[in-house]
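Just below is one structure, and these are the notes that go with it.
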Amino acid sequence: MKILDRYILTSFIQTFLSVFTILFLIFTLQAIWLFISELAGKDLDAWLVAKFLLFYSPKMIPMVLPLSILLASIMTFGSFAENYEFAAMKSSGISLNRAMRSLIIFIFGLSIVAFFFANNVIPKAEYKFLNLRKNIIQRKPAMAIVEGQFNAVGSFNIKVEKKSGENGEKLTGVTIHKRKPGAANATIIRSKTGLLSSNEKSNLLQLELFDGYYYEEVNSNNPAEREKMPFAKSSFSKQIMNIDLTALNSNDEDSEQIAHTNNMLNVSELRYTLDSLETNYTKDANSIASNIAMRPVSVIGYEPKSFKKKASETPKAQSAKKDTIPQDLLAIVKKEDRLRILDFAANNVSSTDYVVTSGKNELFEKIKNINNHLLALYDKYVIAFACILMFFIGAPLGAIIRKGGLGLPIVFAVLIFIIFHFINTFGRKMAQENGIPPFLGSWMSSFILSPLAVLLTYRATNDIGLISFDNFIMPLQKAFNKILKIKPKQEA
């Protein structure tokens, strides 16, 4: 490796590592803020919190890595241009393409590493992260409940006055409100003490209540009775309640990742799963279409004899028989049967419409599931290409603006990355709702910004500025001079 290549590569790597570390810490702080409710006040040891962040951090790499490459490229090449190092290179016969050669090899290698990281490390970390969240509650079930406030746990709102014990499993002053969706009555349970316990092999959190009472509001159809607000009350010395742990793992910001396991699969697993999903979708679509097509016969129970086709009839005879069917079918029905037939037909149409709508919704959910798996598959390739794309945007842009440091480069880097991230998010949302193909949704940002990378590289290698003002100024200047020359002649 020549001294120049080593110097450029060393300068870029030093800047890249510094930028990557800073951005990674910023996104880690964002993760802490995102899950602050799960970490703060739960009596968790430092090692458990470190594992929590360690398993969450790999999913931040697809955002941190391209942004770091973009910013490091602008800063490195901007510093070279600002300090006239590029001028010295060009005077020695070294072009920008030659100066970028070592970094191009490095970025291509980094993109390959990014692909394998997205394919192998991120799925395993995602699986470990989601299981760790559940295991934390299984090992320390009391972390789901904070003292002095109501905590939504599954279909219950639980409040305790005090927690004690090694893991906070002993509760004092327990109040439970049981939520029933769509129900007007309320169920309240109060007890003096309680005990939380769980098993790592079970998905149930067991809550034992001691020395308490249970009451439920009674719904009455009589308005006079409802005004008295009646309720049923009973006391108990011990009561055991089982709470589903899957509800404790829910998080609004992370609901999509938990609902779909496609982020836990690598490329080969995604292809295998997609093959099964597409086969099941085709089978279900054919089954639903067949059921809908056969529904009129199954509902009516028979076909009118005049509408049946006999195998012995020729097509010409069948066509002639169709021509004899009256346009007003009710005219051939007795008047006393018409209302019954119309009601039957209306019910049949309404029932068929419900079947069609439910079948359509079922197939749409299957399509969304397939699209999510396709997006997860394409994203593993997009992150590799994004590394190359951001380098070919940042390096020529830095050479053009001729500014290093943390001022103007950060402005350009953040602006370009926001555009990239916005287009990527927009494309993914459109693809998830089946508005556009998943391939286009994943690659939309890359397709839109690739011409910018080509344009910047072309202008930088040919020593053309970012914006050529001569193209705008020269026509205006010529027009202005022409006007000045014409006016004196007209006055003379």
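The values are calculated or read from the model by the stated rules, or taken from the named source; none is laboratory data. These numbers were taken from a predicted model, which means no experiment stands behind them. Methodologically, a virtual Cβ is constructed for each residue, glycine included, from the backbone with ideal geometry; neighbour enumeration extends over all protein chains shown. Just so you know, the surface numbers come from the protein's heavy atoms only, side chains and all, with ligands and any DNA or RNA stripped out. Shrake-Rupley method; radii C 1.70, N 1.55, O 1.52, S 1.80 Å.
At a glance:
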{"quantity": "When residues of the range 161-173 are limited to those that are out of contact with any Gly (no Cβ under 6 Å at 6 or more places or on another chain) and surrounded by fewer than 16 Cβ atoms within 10 Å (Cβ to Cβ), the one modelled with the lowest pLDDT", "calculated": "N167"}
{"quantity": "Condition met for R402 (touching a residue at least 60 places away in the same chain (Cβ under 8 Å) and of a type in the set (D, E, K, R))", "calculated": "yes"}
{"quantity": "Any pair with Cβ under 9 angstrom, 6 or more apart, that starts in the range 423-437 at a residue that is in a loop (DSSP other than H, G, I, E, B) and ends at one that is of a type in the set (K, R) and open to solvent by 70 Å² or more (accessible area, probe 1.4 Å)", "calculated": "G435/K429"}
{"quantity": "Cross-chain or 6+ apart pairs with Cβ under 7 Å, the range 2-31 first and under 19 Å from G404 (Cα atoms), then among the basic types (K, R) and open to solvent by 70 Å² or more (accessible area, probe 1.4 Å)", "calculated": "none"}
{"quantity": "Candidate set from the range 85-106 (those that are without any contact (Cβ under 8 Å) to a residue 24 or more places away in the chain and in a helix (DSSP H, G or I)); member that is most open to solvent (accessible area, probe 1.4 Å)", "calculated": "I105"}
{"quantity": "Top-ranked residue in the range 357-367 [being touching a residue at least 40 places away in the same chain (Cβ under 8 Å) and open to solvent by less than 60 Å² (accessible area, probe 1.4 Å); ranked as nearest to K283 (Cα to Cα)]", "calculated": "L363"}
{"quantity": "Test for G109: is it outside any helix (DSSP H, G or I) and loosely packed, with under 14 Cβ neighbours inside 10 Å", "calculated": "no"}
{"quantity": "Some residue of the range 147-160 being touching a Gly at 6+ places or on another chain (Cβ under 6 Å), modelled with pLDDT of 80 or more and surrounded by fewer than 20 Cβ atoms within 10 Å (Cβ to Cβ)", "calculated": "no"}
{"quantity": "Residue check for I107: within 26 Å of G398 (Cα to Cα) and not basic (K, R)", "calculated": "yes"}
{"quantity": "Residues of the range 98-120 classified as modelled with pLDDT under 90 and among the β-branched types (V, I, T), total", "calculated": "0"}
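To keep it simple, each residue is scored yes or no on (1) within 30 Å of T15 (Cβ to Cβ); (2) open to solvent by 10 Å² or more (accessible area, probe 1.4 Å); (3) in contact with a Phe, Trp or Tyr (Cβ under 6 Å, 6 or more places away or on another chain).
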position: N369; (1), (2), (3): no, yes, no
position: C387; (1), (2), (3): yes, no, no
position: F392; (1), (2), (3): yes, yes, no
position: P396; (1), (2), (3): yes, no, no
position: A399; (1), (2), (3): yes, yes, yes
position: G405; (1), (2), (3): yes, yes, no
position: L408; (1), (2), (3): yes, yes, no
position: I416; (1), (2), (3): yes, yes, no
